[in-house]
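Below is the structure I would like to discuss, written out as structure tokens.
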There are 2 protein chains.
Amino acid sequence: MRSGLSIGEFAQLTHLSVRTLRRYHEAGLLTPASIDPASGYRYYTSQQIPPAQVIHRLRQLDMPLAEVGRILTTEDPETREALITSHLQRLEVELDRTRAAVVSLRQLLRPDVEQLDVRLCSLPARTVAAISDLVSLDDVLAWYDDAMAELDAAAAGHKRLGPPGGRYDNELFTIGRGRVLVYRPVADPPTLGRVAPETLPATELAITVHHGVHHDIDVTYGRLGAWVVEHALAVDGPVHETYVCGPRDDPEPQAWRTEIGWPVFRLSPA
Amino acid sequence: MRSGLSIGEFAQLTHLSVRTLRRYHEAGLLTPASIDPASGYRYYTSQQIPPAQVIHRLRQLDMPLAEVGRILTTEDPETREALITSHLQRLEVELDRTRAAVVSLRQLLRPDVEQLDVRLCSLPARTVAAISDLVSLDDVLAWYDDAMAELDAAAAGHKRLGPPGGRYDNELFTIGRGRVLVYRPVADPPTLGRVAPETLPATELAITVHHGVHHDIDVTYGRLGAWVVEHALAVDGPVHETYVCGPRDDPEPQAWRTEIGWPVFRLSPA
DNA sequence: CTTGACCCTCCCACCGGGGGACGGTGCACA
DNA sequence: TGTGCACCGTCCCCCGGTGGGAGGGTCAAG
């Protein structure tokens, strides 16, 4: 019996490169069965082939090495399963975004520029039931769902004075992290859990309507922004969204209507 | 009229980060409409919002910046369309691989280790019709399809003496590039185009059968490799595949049978 | 004119992997 | 018992696309 499989032999058996095996060792993912203390040579055994293949598969699924390590060191099969399925869900979400990007790209490249309906609107100050937080762009969708549910629960029984809405700091989009506020205008805004009354200041808004799902709402933002600029206005402050018709109102995405509004001010005429 | 939109304003309008806009400028993807020669400040116009959004979408589809640049500078819409669809096809291929990796991962994690049938087999030397080339791992699938078609055409009319096969250098898998040979055993091997007679030397092979599509054939290789090691043999030379039943024989992937064989030699007993 | 927000360039870090330099080791064969 | 050569070790730099931050100039409102 030799001291085991050399790294090169093991690379042949697993279809991994020698460099990659060394990296996995360094990362603690796959420690050689033995290491010659004199030469530093790594020696593997045939029992290490299956774990190497699991790592290979997880990497094919773009799982970060750190997470692969977490899976390998987890003894409990259920916890491991949970880690894997959560990663697969992430892949699924990404796939959705990819599909949406394809559709949106096709629309962008189509030359027909239909009219964009924009209205300027002076909104008075009003006090609403709101949840506000500092959120990063990756988490904002989950945060929104959660906050809206809590808001609905807290505002149940209070007279509704209009559709719900949100206010999103521009930093959320430009640096990926910013303050987000979701609200529901109700009579006598309650204080309950994260929900608290909030007074939205009066603003002048340039408003247009986005139809359907939000995957390509940035295009509508861009078109609204272009309109604003071309009408000698300037953007000033966080964007406002009003969920006139959303998934809680109609199951059909094509029925959804989101008003988006950018606070603007008139540039002093030259 | 001001000199245009500052990079920060433009970042707000497009939901891109300032850093990213600078990078796109540097890469020649989106040159600001004007640059103040004194300060170096970049100024954009509202007409640049749509191209910025196209770039954004292409990047969401993981298209490399260089290719995005190629698309943007291409005037001809058909060529542009071709570039985009070819990228989408790449995404589709990757998606297939991802799906296959998920299935294979599940199989790897299932604890039931069914028996692996391996036979040792002394293969005599024989002369076959073959195509051989130095191929990189990324191209090997396309190369294989192409070469097999040419081989079938050249060997048509010659009496077939067995199923087709291939021989793959280990370097193909370990460093991603290696010599590949596909062959068909026929009477009187012809010389035609890339096809030439080739004499495969006699070898001792450890052979097992892989069932179905090849996405997870590396697992079978690993299991065969483990068997070889555990039987005090050592791998020696390029791997052999014999396509006993393939897509040209049966449209159903679960009927496919690929014999894989590793040249082995017996380690001198201690 | 000051102040603070904005913009500039430049360098470093990240991820997972490859390329290559440079020197030490294993092993088969002479 | 040497000798040659393929192998293995570590180390550093490269890729792509992005973020973080330093250090310094610029714009515009008060």
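Quickly run through the range A:41-50 and pick out the residues that are within 30 Å of A:S86 (Cβ to Cβ) and at the interface with another protein chain (Cβ under 9 Å from one of its Cβ atoms).
A:Q47, A:I49, A:P50
Kindly provide the set of residues from the range B:1-22 that are in contact (Cβ under 8 Å) with a residue 40 or more places away in the chain, within 7 Å of chain A (Cβ to nearest Cβ) and within 42 Å of the chain's Cα centre (by Cα), ordered by number.
Scanning the range B:1-22 gives B:T14, B:H15.
Let me ask something else. Can B:Y44 be described as hydroxyl-bearing (S, T, Y), crowded, with 21+ Cβ neighbours inside 10 Å and more than 10 Å from DNA strand C (Cβ to nearest atom)?
Values: hydroxyl-bearing (S, T, Y): yes; crowded, with 21+ Cβ neighbours inside 10 Å: yes; more than 10 Å from DNA strand C (Cβ to nearest atom): no.
Criteria not met by B:Y44.
All but one of (1) near DNA strand C (Cβ under 8 Å from one of its atoms); (2) at positive phi hold for A:A38; which doesn't?
Condition (2) is where A:A38 drops out.
Specify the residue that is surrounded by the fewest Cβ atoms within 10 Å (Cβ to Cβ); the eligible residues are those in the range A:9-22 that are part of a helix (DSSP H, G or I) and within 11 Å of DNA strand C (Cβ to nearest atom). So that I can check it myself, show each step before the final result.
In the first step, residues of the range A:9-22 are kept if they are part of a helix (DSSP H, G or I); the result is A:9-14, A:18-22.
Right, trim to within 11 Å of DNA strand C (Cβ to nearest atom) and you get A:9, A:11, A:18-22.
Details: A:E9: 18, A:A11: 23, A:V18: 16, A:R19: 12, A:T20: 17, A:L21: 24, A:R22: 15.
Per the criteria, the residue is A:R19.
Look at A:H25 and say whether it is within 25 Å of B:W227 (Cα to Cα), surrounded by 16 or more Cβ atoms within 10 Å (Cβ to Cβ), away from chain B (no Cβ under 11 Å) and within 15 Å of DNA strand D (Cβ to nearest atom).
Numbers: within 25 Å of B:W227 (Cα to Cα): yes; surrounded by 16 or more Cβ atoms within 10 Å (Cβ to Cβ): yes; away from chain B (no Cβ under 11 Å): yes; within 15 Å of DNA strand D (Cβ to nearest atom): yes.
So A:H25 fits the description; yes.
Another one. For the range A:47-128, please list each of the helices (runs of 4 or more DSSP H) lying entirely inside it that holds at least 3 residues being without any contact (Cβ under 8 Å) to a residue 40 or more places away in the chain and closer than 30 Å to B:P51 by Cβ.
Numbers: elements: A:49-60, A:65-73, A:77-109.
Because the criterion is at least 3 residues that are without any contact (Cβ under 8 Å) to a residue 40 or more places away in the chain and closer than 30 Å to B:P51 by Cβ, the helices (runs of 4 or more DSSP H) in the range A:47-128 that meet it are A:77-109.
Give the number of residues within the range A:173-219 that are of a type in the set (S, T, Y), more than 16 Å from DNA strand D (Cβ to nearest atom) and crowded, with 17+ Cβ neighbours inside 10 Å. Before the answer, list the steps.
Residues of the range A:173-219 of a type in the set (S, T, Y): A:174, A:183, A:191, A:199, A:203, A:208.
With the extra rule that they be more than 16 Å from DNA strand D (Cβ to nearest atom), the set shrinks to A:183, A:191, A:199, A:203, A:208.
Okay, now just the ones that are also crowded, with 17+ Cβ neighbours inside 10 Å, so A:183, A:203, A:208.
Of the residues in the range A:173-219, 3 are of a type in the set (S, T, Y), more than 16 Å from DNA strand D (Cβ to nearest atom) and crowded, with 17+ Cβ neighbours inside 10 Å.
Going residue by residue through the range B:73-87, is there one that turns out to be surrounded by fewer than 17 Cβ atoms within 10 Å (Cβ to Cβ) and closer than 29 Å to B:S6 by Cβ?
yes
While we're here: Can you tell me which of B:A82, B:A66 is within 28 Å of the chain's Cα centre (by Cα), farther than 22 Å from A:V219 by Cβ and away from DNA strand D (no atom under 14 Å from the Cβ)?
Details: B:A66 fails: away from DNA strand D (no atom under 14 Å from the Cβ).
Of the residues listed, the single one that is within 28 Å of the chain's Cα centre (by Cα), farther than 22 Å from A:V219 by Cβ and away from DNA strand D (no atom under 14 Å from the Cβ) is B:A82.
What tally of residues in the range B:100-120 results from selecting those that are at pLDDT 90 or above and more than 10 Å from chain A (Cβ to nearest Cβ)?
Of the residues in the range B:100-120, 4 are at pLDDT 90 or above and more than 10 Å from chain A (Cβ to nearest Cβ).
To continue, here is another question. Output the residue which, of all residues in the range B:36-60 that are within 11 Å of DNA strand D (Cβ to nearest atom) and among the hydrophobic types (A, V, I, L, M, F, W, C), is modelled with the lowest pLDDT. Quick ask: steps written out before the conclusion?
Filtering the range B:36-60 down to residues within 11 Å of DNA strand D (Cβ to nearest atom) leaves B:36-41, B:43, B:55-56, B:58-60.
After this cut, where a residue has to be among the hydrophobic types (A, V, I, L, M, F, W, C) as well, the list is B:38, B:55, B:58.
Numbers: B:A38: 90, B:I55: 95, B:L58: 95.
Looking at the filtered set, the residue picked out is B:A38.
Also: Surrounded by fewer than 17 Cβ atoms within 10 Å (Cβ to Cβ) and in contact with a His (Cβ under 7 Å, 6 or more places away or on another chain), is that true of B:A100? Lay out the reasoning, then the answer.
Working: surrounded by fewer than 17 Cβ atoms within 10 Å (Cβ to Cβ): yes; in contact with a His (Cβ under 7 Å, 6 or more places away or on another chain): yes.
Against the criterion (surrounded by fewer than 17 Cβ atoms within 10 Å (Cβ to Cβ) and in contact with a His (Cβ under 7 Å, 6 or more places away or on another chain)), B:A100 qualifies.
Give A:L105, A:L95 a once-over and let me know the one that is buried (at least 18 other Cβ atoms within 10 Å of the Cβ) and more than 16 Å from DNA strand C (Cβ to nearest atom).
Details: A:L95 fails: buried (at least 18 other Cβ atoms within 10 Å of the Cβ).
Just one listed residue meets the conditions, A:L105.
Same structure, new question: Can you name every residue in the range B:235-270 that is touching a Lys or Arg at 6+ places or on another chain (Cβ under 8 Å) and more than 23 Å from B:P185 (Cα to Cα)?
B:L267
Moving on to the next point. Condition first: more than 13 Å from chain A (Cβ to nearest Cβ) and either in contact with a His (Cβ under 9 Å, 6 or more places away or on another chain) or within 16 Å of DNA strand C (Cβ to nearest atom) (or both). Now tell me which residues in the range B:54-92 satisfy that.
B:P64, B:L65, B:A66, B:E67
Still on this structure: For the range A:208-254, which positions are hydroxyl-bearing (S, T, Y) and more than 9 Å from chain B (Cβ to nearest Cβ)? If you could, list the steps in order and put the result at the bottom.
Looking only at the range A:208-254, we keep the residues that are hydroxyl-bearing (S, T, Y), and these are A:208, A:220-221, A:242-243.
Hits for the range A:208-254 are A:T208, A:T220, A:T242, A:Y243.
Sort out which residues of the range A:28-40 are within 14 Å of another protein chain (Cβ to nearest Cβ) and under 38 Å from the mean Cα position of the chain (by Cα), and write them in order of number.
Listed by number, the list holds a single entry, A:L30.
The values are calculated or read from the model by the stated rules, or taken from the named source; none is laboratory data. Just so it is clear, the model here is predicted, and its values are computed rather than measured. All Cβ positions, glycine included, derive from the backbone under ideal geometry; neighbour counts span all protein chains shown.
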